[in-house]
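First comes the structure, then the notes that go with it.
The values are calculated or read from the model by the stated rules, or taken from the named source; none is laboratory data. Since we're looking at a predicted model, the values are computed, not measured. Here the Cβ is made from the backbone with ideal geometry for all residues, glycine too, and neighbour counts use every protein chain on show. These area figures cover heavy atoms from the full protein model, side chains too; ligands, DNA and RNA do not enter into them. Shrake-Rupley method; radii C 1.70, N 1.55, O 1.52, S 1.80 Å.
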Amino acid sequence: MDALLVAEDGKAGIAVKNHGNRVIEGTALFNVSGINGLGLALLQQAVEDFGVNYVECFGETLRAKYETLGFRVQESFKFDKSLAPQDWDYENLDEPKYHTMVLRKGK
């Protein structure tokens, strides 16, 4: 059950990947629409329509946003420079933690 949810204008979207082990991941979430909260709304729709129960993210801002939907940190990892893209923008993006998160019922 892989799926792609995309806003009408194509400026926000999320991919859904069923890993086949009861893990349904919301991944590649993006929002360049200028509409605050549209990406989070698409993630909520993916939870409701496709049963998304797992996400991964960098940093505390996305972690906190995902927590508003009931996701909780499963594991956190220190930033690993050896895995960062060669052009990683350390000045603007720093070295954020990497979080795996699972959906907990009863936010």
Mind checking the per residue accessible area of segment 14-74 for me, 1.4 Å probe, whole number of Å²?
54 Å²
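Run through segment 2-49 and list the trypsin sites (Lys or Arg not before Pro) located in a DSSP loop whose Cβ has at most 15 other Cβ atoms within 10 Å. If you can, show how the numbers build up before the last one.
Details: sites: Lys11, Lys17, Arg22; in loops: Lys11, Arg22.
For trypsin sites (Lys or Arg not before Pro) across segment 2-49 that sit outside H, G, I, E and B with at most 15 neighbouring Cβ atoms in 10 Å, the list reads Lys11, Arg22.
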Across segment 12-17, in residue order, what do the Karplus-derived ³J(HN,Hα) couplings come to in whole Hz, using 6.51 cos²θ - 1.76 cosθ + 1.60 with θ = phi - 60° and x for Gly and Pro?
8, x, 8, 9, 10, 10
Quick one: pull the percent of accessible area on the chain belonging to carbon and sulfur, 1.4 Å probe, ligands and nucleic acids left out.
50 percent
Among the trypsin sites (Lys or Arg not before Pro) within segment 37-77, which fall in a DSSP loop and have no more than 16 other Cβ atoms within 10 Å of their own Cβ?
none
Can you spot the lysines whose alpha carbon is less than 22 Å from Lys65's alpha carbon? Ignore those fewer than 8 places along the same chain.
Lys11, Lys17, Lys78, Lys97, Lys105, Lys107
Can you tell me the orientation of helix 38-50 relative to the chain, as the angle in degrees between its alpha-carbon axis and the longest Cα principal axis, to the nearest 10?
50 degrees
Based on DSSP H runs of at least 4 residues, each adding -39500 (n - 2.57), what is the mean residue ellipticity at 222 nm of the chain after dividing by all its residues, to the nearest 500 deg cm²/dmol?
-7000 deg cm²/dmol
Segment 1-97: Rg/Rh from Cα coordinates, Kirkwood Rh?
0.98
